[in-house]
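What follows is a short report on a single structure.
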């Protein structure tokens, strides 16, 4: 196991972690404040990637395309909230699951109708193209480092927003006891709309950032949605701090487990068996972690105080 390979996998894990945080932050706020299970949250990630691909192709500039993607993703999220989601707030969780699952199917087909089923690509911005030398024999893409930095900066800004602004105070209060906040005169529906729109914009932002790295295609948010639910369960529903730390844990565990699991198993097993067992066990590690957290701390590692 070389040092360079280990550093690369650590950086890849951090990249996955900050990406999961951008998705899970909105999801944990929606679940924690609104007690609303939104299976279609991953669709916002997919829509953000498609919007970025469309706007970058139209304008020929990545930064202008990104600037147009954010308000459009916000507007799309608010449209869904106004047209569909607010009619589900008072329904039970089973109806919310069924309705949002149906929305996943509809929007996956909608993007196929609008952009086609073939994967789209977004070119890297010239400013962040190329690689940077981190150590002897180790070059890492500048864009991936920038993605990690942007994710960390977004996490810091979101923490400041939640902890030190009036809107953040209301969001924290809503996550603690939404009926009491409404009884104190806060327009809870407006608060729900702000939370939902902001969460949709964060997910769309994550999709726009990842578009130059991954292919933009229908259903691209479905797998990440499962990981985002794992993150909020581990971190604690409604906790931004918990979502951030849990996202980094999940990203690092998943990446390092897939990269080094088979090698570690060779200590106690023959190489062929270790390779096969490692490939089968690596995807299970995050779910084993989640099961352990649920057993010892059912409310998550960093639950919201109620």
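The values are calculated or read from the model by the stated rules, or taken from the named source; none is laboratory data. Being a predicted model, the structure only gives us computed values, none of them experimental. In this analysis, Cβ positions are derived from the backbone assuming ideal geometry, glycine residues included, and neighbour counts consider all displayed protein chains.
Does any residue of region 104-127 turn out to be in a helix (DSSP H, G or I) and farther than 27 Å from residue 84 by Cα?
Looking only at region 104-127, we keep the residues that are in a helix (DSSP H, G or I), and these are 104-115, 126-127.
Going one step further and asking which of them are farther than 27 Å from residue 84 by Cα, we end up with 126-127.
Yes: region 104-127 contains one or more residues that are in a helix (DSSP H, G or I) and farther than 27 Å from residue 84 by Cα.
Need pairs with beta-carbon distance below 6 Å; first residue outside any loop (DSSP other than H, G, I, E, B) and within region 209-222, second surrounded by fewer than 21 Cβ atoms within 10 Å (Cβ to Cβ); sequence gap 6+ or separate chains.
216/120
Test residue 145 against the criterion of being out of contact with any helix residue (DSSP H, G or I) (no Cβ under 7 Å at 6 or more places or on another chain), touching a residue at least 12 places away in the same chain (Cβ under 8 Å), surrounded by 12 or more Cβ atoms within 10 Å (Cβ to Cβ) and part of a helix (DSSP H, G or I), and give yes or no.
On the way: out of contact with any helix residue (DSSP H, G or I) (no Cβ under 7 Å at 6 or more places or on another chain): yes; touching a residue at least 12 places away in the same chain (Cβ under 8 Å): yes; surrounded by 12 or more Cβ atoms within 10 Å (Cβ to Cβ): yes; part of a helix (DSSP H, G or I): yes.
For residue 145, the condition - out of contact with any helix residue (DSSP H, G or I) (no Cβ under 7 Å at 6 or more places or on another chain), touching a residue at least 12 places away in the same chain (Cβ under 8 Å), surrounded by 12 or more Cβ atoms within 10 Å (Cβ to Cβ) and part of a helix (DSSP H, G or I) - is met.
Just to be sure, is residue 98 at pLDDT 80 or above, surrounded by 12 or more Cβ atoms within 10 Å (Cβ to Cβ) and part of a helix (DSSP H, G or I)? Before you say what the answer is, go through the steps one by one.
Details: at pLDDT 80 or above: yes; surrounded by 12 or more Cβ atoms within 10 Å (Cβ to Cβ): yes; part of a helix (DSSP H, G or I): yes.
Yes, satisfied.
Could you grab me the full set of residues in region 175-223 that are in contact with a strand residue (DSSP E or B) (Cβ under 9 Å, 6 or more places away or on another chain) and within 21 Å of residue 79 (Cα to Cα)?
Of everything in region 175-223, just one residue is in contact with a strand residue (DSSP E or B) (Cβ under 9 Å, 6 or more places away or on another chain) and within 21 Å of residue 79 (Cα to Cα), namely 207.
Restricted to region 21-39, and to residues that are closer than 28 Å to residue 116 by Cβ and surrounded by 24 or more Cβ atoms within 10 Å (Cβ to Cβ), which residue is nearest to the chain's Cα centre (by Cα)?
Initial filter on region 21-39 (closer than 28 Å to residue 116 by Cβ): 22-23, 26, 38-39.
Now narrow it down to the ones that are surrounded by 24 or more Cβ atoms within 10 Å (Cβ to Cβ): 22-23, 26, 38.
Values: 22: 4, 23: 2, 26: 8, 38: 13 Å.
Filtering first and then ranking leaves 23.
Here is a yes/no grid of residues against (1) assigned to a helix (DSSP H, G or I); (2) surrounded by 18 or more Cβ atoms within 10 Å (Cβ to Cβ); (3) more than 17 Å from the chain's Cα centre (by Cα):
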| site | (1), (2), (3) |
| --- | --- |
| 202 | yes, yes, no |
| 226 | yes, no, no |
| 255 | yes, yes, no |
| 263 | yes, no, yes |
| 268 | no, no, yes |
| 288 | yes, no, yes |
| 293 | yes, yes, yes |
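Quick one: which of 3, 100, 28 is on the phi < 0 side of the Ramachandran plot, in contact (Cβ under 8 Å) with a residue 60 or more places away in the chain and in contact with a strand residue (DSSP E or B) (Cβ under 8 Å, 6 or more places away or on another chain)? Walk me through it before giving the result.
Values: 100 fails: in contact with a strand residue (DSSP E or B) (Cβ under 8 Å, 6 or more places away or on another chain); 28 fails: in contact with a strand residue (DSSP E or B) (Cβ under 8 Å, 6 or more places away or on another chain).
3 is the lone residue from the list that is on the phi < 0 side of the Ramachandran plot, in contact (Cβ under 8 Å) with a residue 60 or more places away in the chain and in contact with a strand residue (DSSP E or B) (Cβ under 8 Å, 6 or more places away or on another chain).
Just one of the numbered conditions (1) crowded, with 22+ Cβ neighbours inside 10 Å; (2) farther than 27 Å from residue 294 by Cα is not true of residue 235; which one?
Just one mismatch for residue 235, condition (2).
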